[in-house]
Structure formats: C-alpha cells, structure tokens
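J.: Let me begin by handing over the structure; questions about it come next.
The values are calculated or read from the model by the stated rules, or taken from the named source; none is laboratory data. No experiment lies behind these values; they were computed from the predicted model shown. Positions of Cβ are backbone-derived with ideal geometry, glycine not excepted, and every protein chain shown enters the neighbour counts. Remember, those area values only see protein heavy atoms, side chains included, never the ligands or the DNA or RNA. Shrake-Rupley method; radii C 1.70, N 1.55, O 1.52, S 1.80 Å.
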Amino acid sequence: MTDYQKQAAGTPAIAATAAAGGPRLKVGVVGLGIGRMHLDGWRQHPQADVVAIADTDPQRLAQVGEQFGIAHRYPSAEAMLDAQRLDVVSICTPNKFHKELTLKALAAGCHVLCEKPMAMSAAEGREMLEAARRAERRLMINFSFRFTAQSRALKSQVDAGVFGEFYFGRSVWHRRKGMPGFGGWFGTKALAGGGPLIDLGVHRLDLALWLMGYPKPTWVMGSTYDPIARQAAEQAGKPFDVEDLAAAFIRFDNGASLVLEASWAGHIREAELMETRLFGTRAGLLQKNLNEGYTFDAEIFTEQHGAAFDMHLHPSTEAAPSAMHDFAEAILREQPHPAPAEEGLRVMEILDAIYESARSGRPVEM
Ligand SMILES: NC(=O)c1ccc[n+]([C@@H]2O[C@H](COP(=O)([O-])OP(=O)(O)OC[C@H]3O[C@@H](n4cnc5c(N)ncnc54)[C@H](O)[C@@H]3O)[C@@H](O)[C@H]2O)c1
C-alpha cells in the first residue's frame with residue numbers, strides 16, 4: 001500500500017460510504033470570513049459534503065449557517081471535532097490559530113486544508129508538517145492564486161519547457177492605501193505574525209516559487225518599513241505593530257534570485273498592483289492584474305527567427321477547479337495533492353529570514 005492508499009483507507013467516511021455508490025468526504029470549515037470561499041470551493045466537488053462549520057462569532061456562525069444551509073454549527077473547532085467524525089477540515093482563522101487548530105484536526109484523524117500563511121513562523125510550520133507525517137494525514141496550504149485558470153495555463157507552459165531555466169524574477173503586491181482596519185488582528189503581530197509580507201507577499205512568493213520549481217533558498221536580504229500605517233494608526237489611536245512595506249532579495253542554490261515586494265500603503269499610482277515577472281533562458285513571463293483589480297493578464301516574451309515575439313494567454317472563460325476541489329480529488333484518487341505543507345514551510349522559512357534580516361540589517365544565510 002502507498003502512503004496515500006494507507007491514508008485513504010484510514011479515512012472514516014470514505015470507508016463507511018464506499019459501498020453506497022462511491023466514497024464521500026465529510027468536511028468541516030473553521031473560521032467563516034474567507035471560510036465562506038471554502039464552502040463554495042468544497043461544493044465544486046460532487047463527492048465532498050460540508051457537514052459542519054465552526055466560528056467563535058455566534059452571529060457570523062448563524063448567518064453563514066443559514067446562507068449555506070448547514071445545520072451543524074459549533075462555537076469552536078474543538079466542539080466541532082468532538083461532535084463530528086470528519087475526513088477533512090478547512091482552517092480559516094486568523095494566523096495565530098493555524099498551528100493549534102491544525103494539530104487538533106490532525107489528531108482527530110482529519111486531513112487539513114490550512115489557509116495561508118501556513119503559520120506565524122517556520123518553527124510552527126515545521127511542527128504542523130511533522131504532526132501530519134506522524135498522523136499519516138495530508139496537510140495542504142491554500143495558496144489560492146495558483147488555482148486560477150491562467151496560473152494553471154502558465155504552469156503548463158513552464159512544464160512544457162517554454163521558458164528554459166528561470167534565473168531571475170520579481171514578484172510584487174503593492175497597495176496605495178489598503179491597510180486592513182486598525183485595531184483588528186491583521187495589524188497585530190501577536191495574532192498575524194507580520195504585516196503585508198506575511199499577508200500579501202506570501203501569495204506572490206508562492207506563485208513565483210511554484211513557477212520556478214520551488215528552488216532552495218540559500219540567503220536572504222530584507223527590509224521592512226512602517227511610516228504610513230504607523231502614523232495613521234497613531235492618529236486613529238489604534239494599535240498597529242507590523243510593517244506596512246517589505247522588500248527582499250532571495251538567492252537560491254541553483255544561482256537564481258528573486259526580488260519580492262509587498263505593501264499595504266505607499267505613495268504609488270496604483271490602488272492595487274500585483275505583478276510577477278520571471279526571466280527565463282528561452283522566454284520570460286509577466287502576470288499582472290488588470291485595472292487594479294483581481295483579474296490578470298499573462299504574457300510570454302521570447303525571440304523567434306531573430307525577432308522579438310510575444311504571446312498572450314487569454315483569460316479563461318471557464319471557472320477553474322478550486323483548491324478545495326483539487327484537494328478532494330487528490331484524497332479520493334489517492335494521488336499527491338497540490339500546495340503541500342513542505343512548500344508552505346519553505347515559504348515560512350523565507351519569510352522568517354526576511355523579518356530577521358530586516359531586524360538585524362544583515363543578510364541571513366539559510
Ligand atoms: N487565500 C486567500 O486568498 C485568503 C484571503 C483572505 C484571508 N486569507 C487567510 O484566511 C485566514 C482568515 O482571514 P479572514 O480574512 O477570513 O479573517 P476574518 O477575520 O475575516 O475571519 C476570521 C474568522 O475566524 C473566526 N475565528 C477567530 N478565531 C477563531 C477560533 N479560534 N476558532 C474558530 N473561529 C475563529 C472569527 O470569528 C472570524 O469569523 C487568515 O489566515 C488569512 O491570511 C486567505
């Protein structure tokens with residue numbers, strides 16, 4: 001038996017319902033902000049049923065329960081795990097609770113889809129990965145920007161060898177004034193682990209690394225700043241103790257390097273700018289958001305027969321399968337799942353190194 005077959009065989013609901021016309025996955029969702037997107041995402045898979053939800057906010061719990069028609073509602077993840085025998089749990093709480101709740105869900109025999117960032121630090125991420133290995137359960141991180149039709153199409157071009165070797169990249173997510181409200185968990189280090197680097201930068205870092213083949217980082221130089229958000233928080237009389245801008249230079253063991261930038265505030269033209277450029281030996285790519293929104297353009301630049309030659313990837317008209325769909329599919333088909341915890345951990349190691357470099361003012365060897 002492979003590891004994945006062993007995991008599936010030990011999954012209670014799969015074993016119980018296999019005789020009744022195909023296995024089904026019983027899913028629980030914890031945290032109902034972005035967790036509502038998980039509810040939609042799980043519904044894409046015909047063999048996944050969200051049977052339970054949990055949130056510490058009773059109003060949100062009731063409202064989402066009504067909206068999605070879910071009867072089993074719990075005031076905590078622990079109460080949900082005690083009451084329900086689940087196969088998979090989505091963890092969609094503030095970052096501080098990712099580790100603790102993932103460990104509890106794994107201990108209850110569930111596979112886990114944890115929101116990004118994986119955790120508050122690499123140390124926490126490592127604990128989560130080790131617990132998943134010990135429990136022989138899966139742990140996936142919701143790096144959602146990978147799952148769009150266009151990102152998938154770009155990845156297919158990479159896998160087909162269109163770009164040759166990537167040797168340099170720049171991946172950014174900047175906002176002119178897009179700080180989450182002051183006084184909430186996003187601007188509080190003890191609850192979020194950091195600011196826009198861990199919130200937005202994590203997506204652009206994962207996307208670039210995924211396209212580059214997840215090279216191993218060797219050293220990192222980073223800086224963080226907070227002039228705009230700190231002043232605004234002081235004026236509002238609210239706490240704020242994370243950065244409002246971070247920038248880093250990451251060097252990999254294959255010689256490639258990546259510039260990463262993320263901000264919630266800055267004096268720039270765009271309200272929202274997301275851009276990933278990768279330079280390859282045969283071609284380069286640019287994925288960029290259109291009209292400062294959340295739809296993306298993607299282009300490939302190369303040379304053919306001595307002339308500069310560009311290609312354009314049209315946005316797909318069909319919805320792409322969600323991360324939840326792909327996780328369900330991998331569990332049911334006993335295949336490796338995308339965005340595994342190992343990659344989530346590598347992202348956390350790089351983020352830790354950027355924050356450490358920013359603090360010390362020196363490069364960090366990894
Ligand atoms: N993948 C993406 O594109 C994406 C987008 C937004 C947020 N996120 C991530 O999702 C997570 C949640 O972010 P959000 O924007 O939904 O935050 P949010 O504050 O809007 O929602 C969090 C919810 O979790 C509940 N909650 C808090 N602590 C809990 C606990 N211990 N147990 C159960 N419920 C608890 C809160 O009551 C709230 O309803 C964060 O890790 C964030 O980084 C990911």
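J.: Considering the stretch 120-141 alone, what residues qualify as being within 16 Å of the ligand (Cβ to nearest atom) and either open to solvent by 10 Å² or more (accessible area, probe 1.4 Å) or of a type in the set (D, E, K, R) (or both)?
T.: Scanning the stretch 120-141 gives M120, S121, E124.
J.: Tally the residues that are more than 9 Å from the ligand (Cβ to nearest atom) and not aliphatic (A, V, I, L, M), restricting the search to the stretch 63-119.
T.: Summing the residues that are more than 9 Å from the ligand (Cβ to nearest atom) and not aliphatic (A, V, I, L, M) in the stretch 63-119 gives 19.
J.: Next question, about the same structure. Across the stretch 260-271, what is the number of residues that are farther than 16 Å from R346 by Cα and open to solvent by less than 40 Å² (accessible area, probe 1.4 Å)?
T.: Matching residues across the stretch 260-271 total 7.
J.: Just to be sure I understand, how many residues within the stretch 227-258 are assigned to a helix (DSSP H, G or I) and open to solvent by 90 Å² or more (accessible area, probe 1.4 Å)?
T.: Counting residues in the stretch 227-258 that are assigned to a helix (DSSP H, G or I) and open to solvent by 90 Å² or more (accessible area, probe 1.4 Å) gives 4.
J.: Are any residues in the stretch 67-81 more than 15 Å from G35 (Cβ to Cβ) and surrounded by fewer than 15 Cβ atoms within 10 Å (Cβ to Cβ), and if so, which ones?
T.: Matches in the stretch 67-81: G69, A71, A79.
J.: Can you tell me which residues in the stretch 77-125 are within 18 Å of W185 (Cα to Cα) and among the polar types (S, T, N, Q)? I'd like the intermediate steps shown before the answer.
T.: Restricting attention to the stretch 77-125, the residues satisfying the condition of being within 18 Å of W185 (Cα to Cα) are 91-101, 114-121.
The answer is T93, N95, S121.
J.: Starting from the stretch 290-315, keep only residues that are surrounded by 10 or more Cβ atoms within 10 Å (Cβ to Cβ) and acidic (D, E), then list their pairs with residues that are modelled with pLDDT of 95 or more and not in a strand (DSSP E or B) whose Cβ atoms are within a distance under 6 Å, requiring at least 6 positions of separation or different chains.
T.: Short answer, once both residue conditions are applied: E292/E270; E292/A271.
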